[in-house]
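My structure is below; once you've seen it, I'll send some questions.
The values are calculated or read from the model by the stated rules, or taken from the named source; none is laboratory data. Note that the structure is predicted; figures quoted are calculated from it, not measured. For neighbour counting, all protein chains shown are included, and Cβ atoms are generated from backbone atoms with ideal geometry for every residue, glycine included. Note: areas computed on protein heavy atoms with side chains; ligands, DNA, RNA excluded. Shrake-Rupley method; radii C 1.70, N 1.55, O 1.52, S 1.80 Å.
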Amino acid sequence: MATFGNLSDRLADTFKNLRKKGTLSASDVDGTVREIRRALIQADVAFDVVKEFTGRVRERALGDEVNKALNPAQQVVQIVNDELVQILGGEQRRLEFAKTGTTIIMLAGLQGAGKTTLAGKLSKWLIKEGHTPLLVAADLQRPNAVTQLGVVAEQAGAAIYAPEPGNGVGDPVKVAKDGVAYAERNQHDVVIVDTAGRLGIDEEMMKQASKIRAAINPHEVLFVIDAMIGQDAVNTAKAFQEGVDFTGVVLSKLDGDARGGAALSVASVTGRPIIFASTGENLDDFEPFYPDRMASRILD
Ligand code: GDP
């Protein structure tokens, strides 16, 4: 995964040096932890997350499980792996469906985060899994958003509910509500509501998203975050958590070249699980997120 290329390389170097040693002294452990800390900070992982992570790795690496291990260096790598899985959310969290009736999913995030693309990716994935999703175009902010959603819906083979002129134009809350009602009436078992984002955190946008949330009472609110936004990720995620209160995270643009600290910070900072990962512009560049697989890729 390109996003973690640098981080992976640096960790690989660190572990290579460690493997040259037989038993590990406390200063070997400290040196390793310092290198891991630097690598994570350079990858733009949030400082608090780095601190907590390296603290736990250090404590465990100095403990008995390493002292008594046949291969202490390998044991330290295992600890780093375990702790990475933890900051990425631990167990995999699947998308939650309604027990009966239509599952309502709302998308939230900044403009350009990849919400509309995600709506297409998610629908395509859902169709493959045997569902009949309806996309609702409640992003009336960006002039092209409704058309763009129409394009991805068509690519995905999903149905779309979009406002018609004179029928709710300008009121995204009404469009969202009507779209959900339409899905329920027409036996769509999942409805995905795309909402408007702005370029930055904006009170109006949050108020609108929160009104939509209250009006449609979704089973899942997915917060889409661009993994390339670096240190801004933490503040953006916190603002959306306070403003809209999402139930899960989708990391987009994990294929990018930038440092992917967002990916490593957001679950731990918000306490919300990462449910999907997006890795390209194509509708197939999308997969459920597995914390353990991601950790292995980083440590590969
Ligand atoms: P929205 O404003 O949140 O609806 O964002 P869009 O879905 O319009 O996406 C913004 C831009 O990012 C578009 O050019 C997308 O093609 C692109 N994009 C979305 N997801 C990904 C991804 O996972 N990887 C890459 N490389 N580009 C993406």
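Work out from phi, with θ = phi - 60° and the Karplus expression 6.51 cos²θ - 1.76 cosθ + 1.60, the ³J(HN,Hα) of each residue of the stretch 155-164, listed in order in whole Hz, and give x for Gly and Pro.
Values per residue, Gly and Pro as x: 4, 7, x, 9, 7, 10, 10, 10, x, 9 Hz.
At q = 0.12, 0.15, 0.19 Å⁻¹, what log₁₀ I(q)/I(0) does a Debye calculation on the Cα points of the stretch 136-237 give, no solvent, two decimals?
-0.42, -0.66, -1.02
With the other protein chains left in place, how much accessible area per residue, in square angstrom, belongs to the stretch 188-300 at a 1.4 angstrom probe?
I get 39 Å² per residue for this part.
Comparing G197, G89, G63, which has the greatest mean-square fluctuation in the GNM of the chain with Cα pairs linked when under 10 Å apart?
Result for the chain, Cα springs under 10 Å: G63 fluctuates most.
Picking from V29, L118, A215, whose Cα lies most toward the positive end of the charge dipole for the chain (charges on Cβ: Lys, Arg +1; Asp, Glu -1)?
After comparing all options, I get V29.
Quick one: P(r) of the chain from all Cα-Cα pairs, 10 Å bins, percents rounded to integers, in order of increasing distance.
For the chain, the binned pair fractions read 6, 28, 30, 18, 11, 6, 1, 0 percent.
When ligands, DNA and RNA are left out and all protein chains stay put, how many square angstrom of accessible area per residue does the stretch 16-73 have with a 1.4 Å probe?
Here the residues of the stretch 16-73 average 60 Å² of exposed surface.
Let me ask something additional. Counting pairs of alpha carbon atoms under 8 Å apart in space and at least six apart in sequence, what relative contact order in percent does the chain give?
For the chain, the relative contact order is 25 percent.
For D232, D226, what's the largest-to-smallest order of accessible area, 1.4 Å probe?
Largest to smallest exposure gives the sequence D232, D226.
Now for a separate question. Just to be sure I understand: of the beta bridges DSSP finds with both ends in the chain, what percent are antiparallel, rounded to 5?
So the antiparallel bridges in the chain amount to around 15 percent.
Determine the share of the chain's accessible area contributed by carbon and sulfur atoms, expressed in whole percent, with a 1.4 angstrom probe.
Within the chain, the accessible surface is 45 percent carbon and sulfur.
Just to confirm a number: summing +1 for Lys and Arg and -1 for Asp and Glu over residues other than E281 whose beta-carbon lies under 11 angstrom from that of E281, what do you get?
-1
A further question on this structure: Could you tell me which residue out of F47, M294, A69 lies farthest along the dipole of the chain toward its positive end? Charges go on the beta carbon: Lys and Arg +1, Asp and Glu -1, centred on the Cα centre.
After comparing all options, I get A69.
Past the 16 angstrom mark, what percentage of all C-alpha to C-alpha distances in the stretch 167-300 do you count?
67
Restricting the calculation to Cα positions, tell me the Rg (one decimal) and the Dmax (whole number) of the stretch 221-300 in Å.
Answer for the stretch 221-300, Rg first and Dmax second: 11.9, 37 Å.
Separate question: Based on Cβ point charges of +1 for Lys and Arg and -1 for Asp and Glu, what charge dipole magnitude is obtained for the stretch 1-58 about its Cα centre, in debye rounded to the nearest 20?
240
While we're here: Restricting to DSSP loop positions (anything but H, G, I, E, B) with no more than 13 other Cβ atoms inside 10 Å of their own Cβ, which GluC sites (Glu not before Pro) remain in the stretch 1-84?
none
Same structure again: Can you list which of the trypsin sites (Lys or Arg not before Pro) found in the stretch 98-139 are DSSP loop residues with at most 16 other C-beta atoms within 10 Å?
When the trypsin sites (Lys or Arg not before Pro) of the stretch 98-139 are filtered for loop state and at most 16 Cβ neighbours within 10 Å, K99 remain.
Still on this structure: If you build a Gaussian network model of the chain, linking Cα atoms that sit under 10 Å apart, which residue out of V57, V151, V180 swings the most?
Looking only at V57, V151, V180, the largest GNM fluctuation is found for V151.
Could you work out the percent of alpha carbon pairs in the stretch 217-266 separated by over 16 Å, rounded to a whole number?
35
Which residue, A183, A69, A267, tops the fluctuation ranking in a GNM of the chain built on C-alpha contacts under 10 Å?
Among A183, A69, A267, the largest GNM mean-square fluctuation belongs to A69.
Give the Cα extents of the stretch 7-58 along the principal axes, in whole Å, largest first.
Reported extents, whole Å, longest axis first: 33, 21, 11.
Binning at 10 angstrom from zero up to the longest distance, how are the C-alpha pair distances of the stretch 4-120 distributed in percent?
Histogramming the stretch 4-120 at 10 Å steps yields 12, 34, 25, 14, 12, 3 percent.
Another question, if that's okay. Evaluate the charge dipole of the chain about its Cα centre and quote only its size in Debye, nearest 20, assuming +1 on the Cβ of each Lys and Arg and -1 on the Cβ of each Asp and Glu.
500
Eigenvalues of the Cα gyration tensor times 5, then square-rooted: what semi-axes does that give for the stretch 102-192, in whole angstrom, largest first?
19, 16, 11
At a probe radius of 1.4 Å, what is the per-residue accessible area of R259, in Å² to the nearest 10?
120
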